[in-house]
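Q: Pasting in a structure now, in C-alpha cells, and then I'll have a few things to ask.
The values are calculated or read from the model by the stated rules, or taken from the named source; none is laboratory data. Please read these numbers as outputs of a predicted model, since none were measured by experiment. Because the Cβ atoms are built from the backbone with ideal geometry, glycine has one as well, and the counts that use them run over all protein chains shown.
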Amino acid sequence: MSMTVKAHLIGKDGSNEETRCFDMFKGDVTSFKCLKRKVFRVFLCLGDSPFQIYYKDEDGDMVAFSSDDELMKGLALVKDDTFRLFIKRADHDREWNPAKDF
C-alpha cells in the first residue's frame, strides 16, 4: 500500500518555488532516511545542498523533523493518505519564517 507525498520547495523569500507529488510505500515513508533520499531525487535543483523538512501540525505550526521518531508524529496527522511536506534549503536566510504564507 502506498501514500502520496505532496512536497513544497520553499524559496529564500518564503514563496513556493516548486511543488512535487510522489507516492511512497507506507513502510518506506516511515523511514526519515528513505524520505530524505526521495526528496533529493524528485527535487533535482537541490543538488547536494542541505535542506530541512517540515510538516504542519494540528495547530498550523510548521514543525521541523530529522528522525524517524519525529517523522512518525507528522505521519500521525496525515489525512486522506496525503503527507504534506515543506522543504527549505539550509543555506537560505535564517530569517525565514516557515509559518508565513502557509
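Q: Could you list, in sequence order, the residues of segment 5-37 that are closer than 11 Å to I87 by Cβ and assigned to a helix (DSSP H, G or I)?
A: L35, K36
Q: Going residue by residue through segment 71-84, is there one that turns out to be surrounded by 14 or more Cβ atoms within 10 Å (Cβ to Cβ), in contact (Cβ under 8 Å) with a residue 12 or more places away in the chain and closer than 13 Å to A7 by Cα?
A: yes
Q: What is the one condition in (1) at pLDDT 90 or above; (2) on the phi < 0 side of the Ramachandran plot; (3) not hydrophobic (A, V, I, L, M, F, W, C) that G60 does not satisfy?
A: (2)
Q: Could you tell me which numbered condition L46 fails, if it satisfies all but one of (1) modelled with pLDDT under 95; (2) loosely packed, with under 15 Cβ neighbours inside 10 Å?
A: For L46, the exception is condition (2).
Q: Same structure again: Among what's in segment 19-35 and is at pLDDT 95 or above and among the charged types (D, E, K, R), pick the residue that is nearest to K88 (Cα to Cα).
A: Ranking the qualifying residues of segment 19-35, first place goes to R20.
Q: Of the conditions (1) surrounded by fewer than 15 Cβ atoms within 10 Å (Cβ to Cβ); (2) at pLDDT 95 or above, S2 fails just one. Which one is it?
A: Unmet for S2, out of (1) surrounded by fewer than 15 Cβ atoms within 10 Å (Cβ to Cβ); (2) at pLDDT 95 or above: (2).
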